Structure formats: C-alpha cells, structure tokens
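Have a look at the structure below, then the notes.
The values are calculated or read from the model by the stated rules, or taken from the named source; none is laboratory data. All values reported here derive from a predicted model rather than from experimental measurement. Positions of Cβ are generated from backbone atoms using ideal geometry, with glycine treated the same way; all protein chains shown enter the neighbour counts.
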Amino acid sequence: MDCFTPAIAITGSAAITAAGNGIKPALEALISDTNCLKPIPEDLSAGTTGHCWGKADQFKATDFIPPLKARKLDRASQFAVATVGMALADAGLVKGAFPSDRIGIALGSGFGGIANASEFLSGYYQAGVSGLSPMLFPNTVANAAASNASIEYGLQGPNITFIQRFCSAESAILAACRFLEEGRADVMLAGGVDELTPQMIRGFAVTGQLHRFAAGFGEGCGILVLERAEHARKRGAAIAAQLTAINTVGFLLPGAEQQGINQLLQAQKSCDQLFFTGPEPAVQPLLGTVEAATIRYPGRIIGSSLAMGGVALGLLTASLRPGEQGLQLAASPEGPYYAISVFGGDPA
C-alpha cells in the first residue's frame with residue numbers, strides 16, 4: 001500500500017469521451033444517467049444484435065492540433081495530445097513556464113496504436129517489405145500516445161506506458177505518484193487512453209468477447225495533473241482533490257478471496273462517493289465490502305475500456321465536495337485490483 005504523506009494533489013483534469021470533450025459533459029451525463037452509447041452496426045458484430053459502443057464522435061483532432069500535425073498521429077495519440085493540453089490549461093501550466101525535465105507523463109493503454117499497426121502490417125502482407133510505410137511505424141506501439149504528448153508539450157521528465165488489462169490507467173497513476181514521491185518530477189500527467197476501431201469489434205465478436213468483457217466498450221482519454229501538495233501550494237495552484245493512498249493486490253486466491261479484499265481495502269472501507277471501473281462481475285465482490293453513499297459506474301454511460309481509470313478518477317475528483325472522501329475501485333477478471341483513496345479539496 002502507498003500512503004502519501006504529504007498527499008499528492010490533483011490540480012487539473014481533462015477527458016475526451018463519448019459524452020464529448022472535457023470532464024463536464026461526461027459528469028453531466030453520469031449524474032443525469034444519460035446513456036451515450038450507440039448501437040454497433042450489425043456488420044461489425046458478426047450479425048449479433050443488442051451491442052453498443054462508446055465512440056468519441058464529437059472529437060475532431062484539428063480542433064486541438066494543426067491539420068498537418070494531426071495527420072501524422074494515430075487516433076490514440078490525437079486523444080492524448082488534446083487531453084494533455086486541456087489538463088495543463090486546467091492546472092494553470094503553460095508550456096515553457098516550467099522546467100521541462102521536471103514534468104513527465106505516465107499513461108495506461110490497452111489498444112493504443114492498433115489501427116496504425118493493422119494498416120502497417122497489412123502493407124507488408126499485401127506487398128512485402130516495399131508495402132511497409134515508415135510514416136505509420138512510429139504509431140504502431142502503445143507508448144506512442146505518451147511520447148507524442150511529451151513531444152508536443154515539452155515533457156522531458158519520466159515517460160512510461162502501462163498495459164495491464166482493465167487496470168492500465170490505475171497502474172500508470174500509481175507510477176506517477178511514485179515518481180513524485182521519489183523527487184524524480186515535480187509534476188506528472190497521468191491517466192489512460194484508448195481507441196476503438198471496427199476491426200477490434202470484429203475481433204471481439206469472433207472470439208466471443210462481445211458477450212463478456214467487451215460489452216459496451218468505449219474510447220477516449222482521461223488525464224490528471226498530479227503534484228506534491230506543497231509544490232502545488234507554492235505555485236498557487238488550486239487543489240481540486242488529493243490522493244491519500246493507493247492500494248493494490250495482484251490476485252484474489254481461490255478460497256481466500258475475502259483475505260485479499262480486506263488487504264486491498266485496509267486503507268478505506270467507507271466513503272461518500274465510490275466510482276469503479278473494469279467488468280462489473282470482477283468488481284462486484286469488492287463493492288459489498290465498502291459502505292458508500294453514492295456508487296457510480298461510468299462505463300455504463302460512456303463505455304468501458306482497458307484504460308478507463310483516468311476518466312473515472314477525473315470524474316470522481318470533479319464530483320467530490322471539499323472534505324468528502326472518495327474511493328475508486330478497479331479490477332481485471334484475473335487481477336490486478338486497485339483501490340485509490342481521494343479527499344476532496346485542500347485541507348490546508
């Protein structure tokens with residue numbers, strides 16, 4: 001368990017989701033229970049019906065990125081560059097006004113760059129080596145989104161990408177907090193990004209995943225600006241909330257599940273607001289152990305993804321009143337499991 005003393009401050013956040021661009025439209029949809037998912041075309045879902053997806057249809061890359069530059073980026077990188085820019089603005093951080101080697105980025109991603117990877121490999125299968133496109137190759141890897149965002153905004157501190165099933169963003173957030181604790185950075189951008197393509201849906205359908213973990217899949221990006229609380233106060237930043245602890249367990253052993261759950265939730269077993277990510281069956285055993293006034297699952301409204309945690313934590317932060325306790329739970333069916341404790345406002 002990581003308990004942060006002093007706490008890690010959240011001084012900015014932003015998101016791109018099926019609800020629109022920014023935290024506000026997603027939070028409004030969540031509170032009003034407005035479903036932003038749309039039916040998946042039957043030709044993509046192997047003829048099965050009743051499936052939905054959360055496409056970020058309101059996102060237009062050129063609203064945030066010059067057209068020539070946007071053309072060079074894969075969709076996940078476009079999401080990340082746009083969302084990081086919004087988050088930095090929300091935190092009052094202007095490019096060039098901070099030491100570039102003291103600000104970094106940690107992102108979680110499940111399928112980042114998959115569309116470009118598919119196109120790149122298709123060129124090889126169709127025409128051999130001569131069919132490979134050098135322009136596509138840099139965006140075929142999952143860490144392209146974090147790298148492109150760091151290039152765009154001069155983030156020369158720690159740069160890392162996690163792929164860890166439905167807890168990818170939570171793993172990135174934990175790493176970002178550790179970088180801050182260790183003094184390797186003063187500010188970290190942290191969260192998750194994923195894209196959703198027709199080819200992915202066809203793959204889910206063929207493998208039977210549309211009936212299991214891929215139901216209601218979504219896309220987008222959620223970014224938090226994290227810094228040590230004393231650093232945030234020193235620069236006069238508004239502290240929206242504070243991360244007080246992050247607890248994680250790798251696996252719930254058969255026959256000893258409750259022991260693992262108790263270890264996971266040792267820091268907090270009650271809260272004012274609880275948000276969770278990951279497949280509902282995987283999270284359900286955790287929910288029965290926590291007393292919460294409000295429980296919300298953003299995935300039902302805007303779609304779930306392997307890197308949903310950044311969006312969910314941004315929404316939780318925005319929904320907390322000063323002094324309220326928040327808790328974010330995340331689970332993958334085979335582990336890991338995360339519990340992130342959040343305190344609304346700045347007690348100082």
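So here's what we get for this one:
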item: Residue within the range 93-104 that is assigned by TED's automatic domain parsing to the domain that holds S171, touching a helix residue (DSSP H, G or I) at 6+ places or on another chain (Cβ under 7 Å), buried (at least 23 other Cβ atoms within 10 Å of the Cβ) and not in a helix (DSSP H, G or I) present; result: yes
item: All helices (runs of 4 or more DSSP H) inside the range 148-258 with 3 or more residues being under 24 Å from L73 (Cβ atoms) and among the small types (G, A, S); result: 168-181
item: Some residue of the range 65-84 being at pLDDT below 85, surrounded by 24 or more Cβ atoms within 10 Å (Cβ to Cβ), small (G, A, S) and under 15 Å from A145 (Cα atoms); result: no
item: Selected residue (criterion: surrounded by the most Cβ atoms within 10 Å (Cβ to Cβ)) from residues of the range 278-291 that are in contact (Cβ under 8 Å) with a residue 24 or more places away in the chain and out of contact with any Ser or Thr (no Cβ under 7 Å at 6 or more places or on another chain); result: L286
item: Residue within the range 223-240 that is closer than 22 Å to S118 by Cα and either modelled with pLDDT under 95 or not hydroxyl-bearing (S, T, Y) (or both) present; result: no
item: Yes/no for E230 being without any contact (Cβ under 8 Å) to a residue 12 or more places away in the chain and closer than 23 Å to L155 by Cβ; result: no
item: Filter result (touching a Ser or Thr at 6+ places or on another chain (Cβ under 6 Å) and surrounded by fewer than 24 Cβ atoms within 10 Å (Cβ to Cβ)) within the range 114-127; result: A115, A117, F120, G123
item: Any hit, the range 118-126, residues being in the same structural domain as Q164 (by TED's automatic domain parsing), assigned to a strand (DSSP E or B) and in contact with a helix residue (DSSP H, G or I) (Cβ under 7 Å, 6 or more places away or on another chain); result: no
item: Residue match in the range 207-226 (condition: free of Cβ contacts under 8 Å to residues at least 24 places away in the same chain and not assigned by TED's automatic domain parsing to the domain that holds A175); result: no
item: The range 315-333, subset under 19 Å from the mean Cα position of the chain (by Cα) and assigned to a loop (DSSP other than H, G, I, E, B), residue farthest from A229 (Cα to Cα); result: P333
item: Residue satisfying condition, being touching a residue at least 60 places away in the same chain (Cβ under 8 Å), part of a loop (DSSP other than H, G, I, E, B) and in contact with a strand residue (DSSP E or B) (Cβ under 6 Å, 6 or more places away or on another chain), within set A307, A312, A348, A339; result: A307
item: Single unsatisfied condition, A89 versus (1) surrounded by fewer than 24 Cβ atoms within 10 Å (Cβ to Cβ); (2) under 21 Å from N21 (Cα atoms); (3) in contact with a Leu (Cβ under 8 Å, 6 or more places away or on another chain); result: (3)
item: Residue count, the range 5-47 (criterion: of a type in the set (D, E) and either touching a Pro at 6+ places or on another chain (Cβ under 6 Å) or outside the structural domain of G218 (by TED's automatic domain parsing) (or both)); result: 0
item: Flag for T11 being touching a residue at least 24 places away in the same chain (Cβ under 8 Å), of a type in the set (S, T, Y) and surrounded by fewer than 23 Cβ atoms within 10 Å (Cβ to Cβ); result: no
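Table: residues versus (1) on the phi > 0 side of the Ramachandran plot; (2) among the hydroxyl-bearing types (S, T, Y); (3) surrounded by fewer than 21 Cβ atoms within 10 Å (Cβ to Cβ).
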position	(1), (2), (3)
L224	no, no, no
H231	no, no, yes
R235	no, no, yes
I246	no, no, no
V249	no, no, yes
P254	no, no, yes
Q263	no, no, yes
S270	no, yes, yes
F276	no, no, no
